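What follows is a single structure, written as structure tokens, with notes after it.
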Amino acid sequence: MSKVSDHFHCLPLRSSVPPRFFAFNRRGRGERRGSVQASCFLLRVLCVLCGLISYVGLPASSSFAQEFIARTVDGPQPPAPIVQWTPAWDVSLGGKSPRKLSGVELVSLRRAGERLPPFPARDFLLLTNGDRIPFAPKKPLTLEEERLTFTPMWADAHVGVPLAYVAALCRTFPQGDEDGEILLRRLLGAKRPNDVLLLAGGDRVEGRLVALSSAQGFRMKLGESESDTPWEKTALFAPRPEFLAKPRPKGLLAGLVLSDGTRLQCTRWTLATGAAHWEAKTSFGASVRIPLADLRAVQMRQGCATYLSDLIPKSFEHTPFFGVAWPLVADASVTGLPLRLAGQTYDKGLGMHAQSRASYALDGKQRWFEAWVGIHDQAGPRGAARVSVLADGRALENCSQVEIRAGQAPLAIRAEIQGVKVLVLLAEFGAFGDVQAHVDWADARVIRVE
């Protein structure tokens, strides 16, 4: 990262004022010299402030700061700034070759030179559709009439979400848990008749939620009695599964990734020319404004791309090495951790362990298969596997028995699958058998071209 001093020039310490300026009488010499020195100091301060404004990157039209790489049905496009995004999902890109893209042909946009950030680790809501929204911990959070009101970290106003859409409210992960994401996945996958409140010290309270606010904490009904737990002593709250529902909006969705780890699906997503904020409507009906500079990626949902993790596999086979069976995991690694390759955290994809074979039935109308495949970042230094993709039994070009190892950049796959009816993902034993062979198929998707 460049230093602040790289963005501006300081004035010289010695003044460049002409000598005749100093030809004043002895009586006023001290006052005038002080005035000149003060002026030079103020000018230097002004230059510093100008440099800082440039350094922190206030909203501006700089194409370097705002360039995005669009992926369409035709593949990746040259980096360009987003100029406009209309309610009809039409995207105008600027730069040297201005162009317009239709939302129906857009697969994703990624900010050039930026990694996909990890999920929030504290003070966030996890919704039933997978959204993760960090909330401002010092601003009020209240529950009234089965609606949770809070202020997102990036918002200038509070929003409301039905409590039935909240899979978990996480302030922090309890002490003693090796990984909070695994705990969260296990907790949400369990069948239980009651709401559960995990305390920061590791204790657990099960019952029915009666009241909730950041000022008063949680009130739970335990049989015939009620129990109050202060907000600061709580770690994680998860409603009972039978209470939950999932927003199911129709039409295109924009899956947003923000710099603080926010994941947010929107039914409306617009940017006016020259604006400093995105205007959006979330899948749960709230209208929000998001700072322009916070956006890291947009992933279109319910459009031309279908993610394999949203499909039910035709079949799945795993061959244990020493009798330990591993499942096929949707939208997480095989251990339950978030999909993570080369320091980037992906929302969609598949996790599997060598040796595995997953088959998917297609209708023959898809044109492309795309994925980034590699050994999960946290698998360990000996992680290795051989991966292949078969289309109707035929290995795809450049993806047959490819050796992948821990620490390597993921293998980028984009292959034509026109007319294919069965797509198979293979992960076979690598150099160390099944040792640490945790394979992530990030953003594994098929793309339909109308």
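The values are calculated or read from the model by the stated rules, or taken from the named source; none is laboratory data. These numbers come from a predicted model, not from an experiment. When we count neighbours, we look across all protein chains shown, and the Cβ atoms used for this are built from the backbone with ideal geometry, even at glycine.
Which members of the range 367-387 meet the condition of being out of contact with any Asp or Glu (no Cβ under 7 Å at 6 or more places or on another chain) and more than 13 Å from residue 440 (Cα to Cα)?
Matches in the range 367-387: 369, 380, 381, 382.
State the number of residues belonging to the range 396-418 that are in contact (Cβ under 8 Å) with a residue 40 or more places away in the chain and in a loop (DSSP other than H, G, I, E, B).
Qualifying residue count, the range 396-418: 4.
Wholly within the range 246-307, which strands (runs of 3 or more DSSP E) include no fewer than the required count, namely at least 3 residues that are hydrophobic (A, V, I, L, M, F, W, C) and in contact (Cβ under 8 Å) with a residue 24 or more places away in the chain?
253-258, 295-301
Might you check whether a residue that is under 18 Å from residue 403 (Cβ atoms) and of a type in the set (D, E, K, R) occurs anywhere in the range 319-331?
Looking through the range 319-331, none of the residues is under 18 Å from residue 403 (Cβ atoms) and of a type in the set (D, E, K, R).
Before we move on, is residue 230 surrounded by 13 or more Cβ atoms within 10 Å (Cβ to Cβ) and either farther than 25 Å from residue 110 by Cβ or within 21 Å of the chain's Cα centre (by Cα) (or both)?
no
Identify all residues within the range 361-392 that are in a strand (DSSP E or B) and over 22 Å from residue 299 (Cα atoms); write none if there are none.
361, 375, 384, 385, 386, 387, 388, 389, 390, 391
Select from the range 78-121 the residues that are in contact (Cβ under 8 Å) with a residue 24 or more places away in the chain and over 25 Å from residue 443 (Cα atoms) and list them in ascending order.
Matches in the range 78-121: 83, 84, 86, 87, 94, 95.
Tell me the residue from 337, 350 that is touching a residue at least 24 places away in the same chain (Cβ under 8 Å), buried (at least 21 other Cβ atoms within 10 Å of the Cβ) and in a loop (DSSP other than H, G, I, E, B), please.
Result of the check over 337, 350: 337.
Going by the structure shown, is residue 391 more than 25 Å from residue 335 (Cα to Cα), assigned by TED's automatic domain parsing to the domain that holds residue 321 and crowded, with 17+ Cβ neighbours inside 10 Å?
In short, yes.
Among 262, 270, which is within 17 Å of the chain's Cα centre (by Cα) and crowded, with 16+ Cβ neighbours inside 10 Å?
Just a single option satisfies the conditions, and that option is 262.
Table: residues versus (1) assigned to a strand (DSSP E or B); (2) farther than 19 Å from residue 222 by Cβ.
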site: 172; (1), (2): no, yes
site: 191; (1), (2): no, yes
site: 197; (1), (2): yes, no
site: 201; (1), (2): no, no
site: 205; (1), (2): yes, no
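Can you name the residue in the range 92-139 that is closer than 23 Å to residue 70 by Cα and of a type in the set (Ser, Thr, Tyr) and is also surrounded by the fewest Cβ atoms within 10 Å (Cβ to Cβ) among such residues?
97
Is it the case that the range 284-300 has a residue that's of a type in the set (Phe, Trp, Tyr), assigned by TED's automatic domain parsing to the domain that holds residue 416 and surrounded by 21 or more Cβ atoms within 10 Å (Cβ to Cβ)?
No, the range 284-300 contains no residue that is of a type in the set (Phe, Trp, Tyr), assigned by TED's automatic domain parsing to the domain that holds residue 416 and surrounded by 21 or more Cβ atoms within 10 Å (Cβ to Cβ).
I'm trying to understand the selection: among the residues of the range 153-203, which are at pLDDT 95 or above and among the basic types (Lys, Arg)?
171
Residue 323 passes all but one of (1) exposed (fewer than 13 other Cβ atoms within 10 Å of the Cβ); (2) touching a residue at least 24 places away in the same chain (Cβ under 8 Å); which number fails?
In the conditions (1) exposed (fewer than 13 other Cβ atoms within 10 Å of the Cβ); (2) touching a residue at least 24 places away in the same chain (Cβ under 8 Å), residue 323 misses (2) alone.
I need the full set of residues from the range 234-252 which are aliphatic (A, V, I, L, M), touching a Ser or Thr at 6+ places or on another chain (Cβ under 6 Å) and over 16 Å from residue 204 (Cβ atoms), in order please.
Across the range 234-252, the qualifying residue is only 244.
Name the residue that is farthest from residue 401 (Cα to Cα), counting only residues in the range 419-447 that are of a type outside the set (Val, Ile, Thr) and outside any strand (DSSP E or B).
Ranking the qualifying residues of the range 419-447, first place goes to 419.
Against the condition in contact with a Leu (Cβ under 8 Å, 6 or more places away or on another chain), more than 28 Å from residue 268 (Cα to Cα), of a type outside the set (Ser, Thr, Tyr) and at pLDDT 95 or above, how does residue 300 come out, does it pass?
Judged against the criteria, residue 300 is not a match.
How many residues are buried (at least 18 other Cβ atoms within 10 Å of the Cβ) and farther than 30 Å from residue 450 by Cα when one looks only at the range 358-386?
Number satisfying all stated conditions: 9.
Return the pairs, sorted by first residue and then second, in which the second residue is at pLDDT 95 or above and of a type in the set (Ser, Thr, Tyr), the first residue lies in the range 62-76 and is within 14 Å of residue 300 (Cβ to Cβ), the beta carbons are less than 6 Å apart, and the residues are 6+ apart or on different chains.
From residues that are within 14 Å of residue 300 (Cβ to Cβ), the pairs are 71/108.
Quick test for you: out of 401, 436, 378, pick the one residue that is within 26 Å of the chain's Cα centre (by Cα), more than 21 Å from residue 322 (Cα to Cα) and modelled with pLDDT under 95.
Of 401, 436, 378, the one residue that is within 26 Å of the chain's Cα centre (by Cα), more than 21 Å from residue 322 (Cα to Cα) and modelled with pLDDT under 95 is 378.
What is the number of the single condition among (1) buried (at least 18 other Cβ atoms within 10 Å of the Cβ); (2) of a type in the set (D, E, K, R); (3) touching a Gly at 6+ places or on another chain (Cβ under 8 Å) that residue 171 does not meet?
Of (1) buried (at least 18 other Cβ atoms within 10 Å of the Cβ); (2) of a type in the set (D, E, K, R); (3) touching a Gly at 6+ places or on another chain (Cβ under 8 Å), only one is false for residue 171: (3).
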